[in-house]
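Reading through the structure tokens given below for one structure.
The values are calculated or read from the model by the stated rules, or taken from the named source; none is laboratory data. Bear in mind the structure is a predicted one, so any value in this text is a computation, not a measurement. In this analysis, Cβ positions are derived from the backbone assuming ideal geometry, glycine residues included, and neighbour counts consider all displayed protein chains.
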Amino acid sequence: MTVPKLQTAPDAVLASASRGEPADAGRTSTDAVGLSSGEAAARLARDGGNVLPSPRPTPLWRRIVAQLRDPLVLVLLAAAGFTLATADFTDASVIMLVIVVNTTVGVLQEIKAERAITALSALTAPAARLVRDGRQREVPAADLVIDDLLVLAEGDVVPADARVVESVALLVDEAALTGESVPVDKSATTGRGTAAPASTVVSAGTVIVRGRGHAVVTATGPASAMGRIAAMLVTRPGLTPLQRRLAGVGRQLAAGALLLCGLVLALGLVRGQPLQLMIVTAVSLVVAAVPESLPAVVTLSLALGARRMTARQAVIRRLPAVETLGSVTVLATDKTGTLTEGTMVVRQLWTAHGDASISGSGFAPDGQIHRDGDIISPDQAPDLVELVRAAVLCNDASLRAPGPDNDDWLAVGDPTEAALLSAGGKLRIDVDALHQASPRQGEAPFDSDRKRMSTAHRGPDGRTQIICKGAPESLLHAAILTDHPDVLRQAADRADALAHEGLRVLAVAQADRDTVPDDAAGYEHGLHLLGLVAILDPPRASAAATIAACRDAGITPVLITGDHPATATAIATELHIIDAGEAAVDCRTTDPGPAATRGARVFARATPQQKVAIIDALRDAGEIVAMTGDGVNDGPALHRADIGVAMGKRGTEVARQAADLVLADDELATVVAAAEEGRRVYANIRRFLLYALSGGTAEITVMLAGPFVGLPLPLLPAQILWINLLTHGLPGLAMGSEPADPAAMRKPPRPPAETILGAGMWQRVLRVGAVIAAVTIGVGVWAHATDRPWQTLTFLALGLAQLAVALGSRARPGTAANPMLFAAVGAALLLQVAAVYIAPLRQLLGTEPVTAADLLIVTAVSTLGYAAIRLDRRIHPTPPAPGKAGRPAPARPEPARPWPTSGTGRVARTPVGVARQAGTDRKDGGKS
């Protein structure tokens, strides 16, 4: 067998960084002694370890302060100050308890999320193989220093930036860094003292797909390419949409409550009421007007949402991110491994006899052959068997069957070649038996100049069988093939058509010889074309449904990838992100920022900086953007988006730390489920606000209008606070557990500029509040005119009418959903009635006993609160949404063919199936 020759740098020595010499002018790789242990230790002490700077742990006091800076909590603190100033220690204690619970839940969720993220962190190479003191050894990756001589082999995760000085068929997946799904061939350094071409350098976090080599470390830690991208994540995230909306609510409520309660104070003084009594009354109304349970309701809703999302494989890192997903108007997603399976599959075959397609997914050797619309057996297609048989022989990969350590078939080696092995299984080719019957006798390895690979095998007749596979543009030439020019032209046209559809195309040729050739030129001439193999990365089974669910919910899907435009266009068209005929924006030739504001939905060849520009442009246009990603190159965009969503299994540490939400199952469908959860949270917050503010409006209205209808002081301060405590307490909190509206994901996302009290909320508050006030004042006037205990009956009517509104506010009336709300309303009802009949409470609240008949009358009239909220829902329904306003969803034609991926070439776009040799469980490179 011909042994592949080692490609070695011609320079004599590679420079020592400590001497200030160029990084490519130091020792020779053949003199592979590496650094000495003493020199390495000195450099480690001087330059620091090969680790990315970790964010400083947030101290507990800072977490608490961050929670207390919430606008609604500030309003609560002000209310607590008022109650303390009036010596109302009971109500002040209740308010402070709400603040403590809100702060505690928020802090605990942040800490819990950080621990969950830490548990997922196993992404960068924990160990590195290198040469020191003339011997190969393994050291922690953190101990690497400049000028260390790395030993790279298939499956390794590159631990630092380095310059290649020796290589044998070295193929590197750089998707985690660049987003480009096609692995890149690397060759040894050829220059000296000059800038290294990209083809001669490897970067930290990338994966060796195939081959082996040596490389000299040129940058570590923060100075590496990964470190420079991580440095773009230093800015602090801004307020979430919910926080911005609640801040506005806090300002509005504070201003409105102070104004109206000041008016009550003035009117009372004008009518001759005691100053102290009116001050206490005004302060009580401030507390009543401000729904002090809102932060607790918000926190409970978010915490319950986070718990439900955790059960569905989504880890929330910041509690407000739960709701943010419900606000999302644009979902920007990467491609490889998110919309696609992240594996290569042979999907189409072409020979001179025509086309055929192969079904199946992943690397499992299961599928069917389709030709001319019919399912055929391998016996009916000897031309296809011959084509795939040759591709299986000219192959360095292997497949690992499911076992104790893996649930599915895994690729070991180049995934493109693994896909060929899988196709062989589908055509009933026994791969192991074939290799035994036709053992390899020699090879001309693939290199980036020839773009071909050739192997020699002992044929059944004893002759040498030559097989060559490679990119069509490098193989379909008369100098290599003996086929008729018409056949070559037909093959080239078909290859070009497949490539433009986004498929990755390989040409395969074969010939018989008497001897094994001596060099590549001897292999690659006089061959006969067997056909073309078209390979793709198929979409996830859930991808189409996920994109359709986004459109149904009015969320615009946008694809941002570092991959080829043809690849991006093909998958976007197949998944109906764009219409047929629309093209991707090539970020190498078009400024993606303006393109984003013009409504472009597919961006290809995007750099990390361009991804940020796209996100910024969308946000500047008023969109609320969720960004999914897994690679280092996605980190800045994840950080900049309104909500960043990182993949937990294959994602990089940079991506996870930049994200607000981490998907433990790597399923994009989980994002849609999380968006539904976010909408549920937001709906429950608005439900509580409608309930609480309508009650507060009614209380203020009663206090303002009462004196004009003969009720001098309709309610005492203690009675106001008691009603407020009962209605805003347990029932308000129980509203945070209301189930989602079944139609939640068939409605549009709320407009980004809409306040939390928008979409008619103020009108609904006033309508429902007017009914509660009318019921209360009506009962008071009736009781006063009939010489009944009118203040007590007014107190009962106001509380019971609000509890009736709570029951009428349910998301799914007529069902047993959220039994906690029934229990909370029942408990509040009993306490409201107890305040009239239990002596200590009567003395505390200034109430009087009432007859059973009067209690029944008030209870019956109070049910008008239930009728009011149910009728209001009919008057002011939420409109359905076929799609996002102003941006129609693409049509959904039936798929006419299996979708393809990227352009021409022989190499794959995923790393090896099992990348464990560097001491990591990571199975791919975090692709885009």
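Taking segment 369-395 as the range and being under 17 Å from residue 458 (Cα atoms) and among the β-branched types (Val, Ile, Thr) as the test, only 392 passes.
Which condition number in (1) crowded, with 18+ Cβ neighbours inside 10 Å; (2) over 30 Å from residue 842 (Cα atoms) is the one that residue 766 fails? That leaves (1) as the condition not met.
Here residue 402 meets each of (1) surrounded by 13 or more Cβ atoms within 10 Å (Cβ to Cβ); (2) under 29 Å from the mean Cα position of the chain (by Cα) with one exception, condition (1). Within segment 425-453, the set of residues being in contact with a helix residue (DSSP H, G or I) (Cβ under 8 Å, 6 or more places away or on another chain), on the phi < 0 side of the Ramachandran plot and in a loop (DSSP other than H, G, I, E, B) comprises 427, 429, 438, 448, 450. When segment 141-169 is filtered for residues that are more than 20 Å from residue 221 (Cβ to Cβ) and in a helix (DSSP H, G or I), nothing remains. No other residue among 521, 549, 495 is among the hydrophobic types (A, V, I, L, M, F, W, C), at pLDDT below 90, within 41 Å of the chain's Cα centre (by Cα) and not in a strand (DSSP E or B) apart from 549.
When residues in segment 451-474 are screened for being buried (at least 24 other Cβ atoms within 10 Å of the Cβ), among the hydrophobic types (A, V, I, L, M, F, W, C) and either outside the structural domain of residue 525 (by TED's automatic domain parsing) or within 14 Å of residue 529 (Cα to Cα) (or both), 3 of them pass.
Mind checking whether some residue in segment 389-399 is without any contact (Cβ under 8 Å) to a residue 12 or more places away in the chain and part of a loop (DSSP other than H, G, I, E, B)? Break it down stepwise before answering.
First, the residues of segment 389-399 that are without any contact (Cβ under 8 Å) to a residue 12 or more places away in the chain: none.
No, segment 389-399 contains no residue that is without any contact (Cβ under 8 Å) to a residue 12 or more places away in the chain and part of a loop (DSSP other than H, G, I, E, B).
Which residues, taken from segment 321-353, are of a type in the set (Ser, Thr, Tyr) and either over 16 Å from the mean Cα position of the chain (by Cα) or modelled with pLDDT of 85 or more (or both)?
Scanning segment 321-353 gives 329, 333, 343, 351.
How about segment 330-367: which of its residues are assigned to a loop (DSSP other than H, G, I, E, B) and surrounded by fewer than 24 Cβ atoms within 10 Å (Cβ to Cβ)?
If we filter segment 330-367 for residues that are assigned to a loop (DSSP other than H, G, I, E, B), which is where we start, we get 334-339, 341-344, 352-353, 359-367.
Those that are assigned to a loop (DSSP other than H, G, I, E, B) and surrounded by fewer than 24 Cβ atoms within 10 Å (Cβ to Cβ): 341, 352, 353, 359, 360, 361, 362, 364, 365, 366, 367.
Any residue at all in segment 430-443 that is acidic (Asp, Glu), over 30 Å from residue 400 (Cβ atoms) and outside the structural domain of residue 209 (by TED's automatic domain parsing)? Outline the logic, then answer.
At the first step, the residues of segment 430-443 found to be acidic (Asp, Glu) are 430, 432, 443.
This time we only want the ones that are over 30 Å from residue 400 (Cβ atoms), so: none.
There is no residue in segment 430-443 that is acidic (Asp, Glu), over 30 Å from residue 400 (Cβ atoms) and outside the structural domain of residue 209 (by TED's automatic domain parsing).
With the condition kept exactly as written, say whether any residue in segment 721-743 is of a type in the set (S, T, N, Q) and buried (at least 20 other Cβ atoms within 10 Å of the Cβ). Yes, there is a match, as at least one residue in segment 721-743 is of a type in the set (S, T, N, Q) and buried (at least 20 other Cβ atoms within 10 Å of the Cβ).
Looking only at segment 689-704, decide whether some residue is part of a helix (DSSP H, G or I), in contact with a Phe, Trp or Tyr (Cβ under 7 Å, 6 or more places away or on another chain) and in contact (Cβ under 8 Å) with a residue 24 or more places away in the chain. Outline the logic, then answer.
Our first condition is that a residue be part of a helix (DSSP H, G or I); within segment 689-704, this holds for 689-704.
Subsequent filtering for residues that are in contact with a Phe, Trp or Tyr (Cβ under 7 Å, 6 or more places away or on another chain) retains none.
No, segment 689-704 has no match at all.
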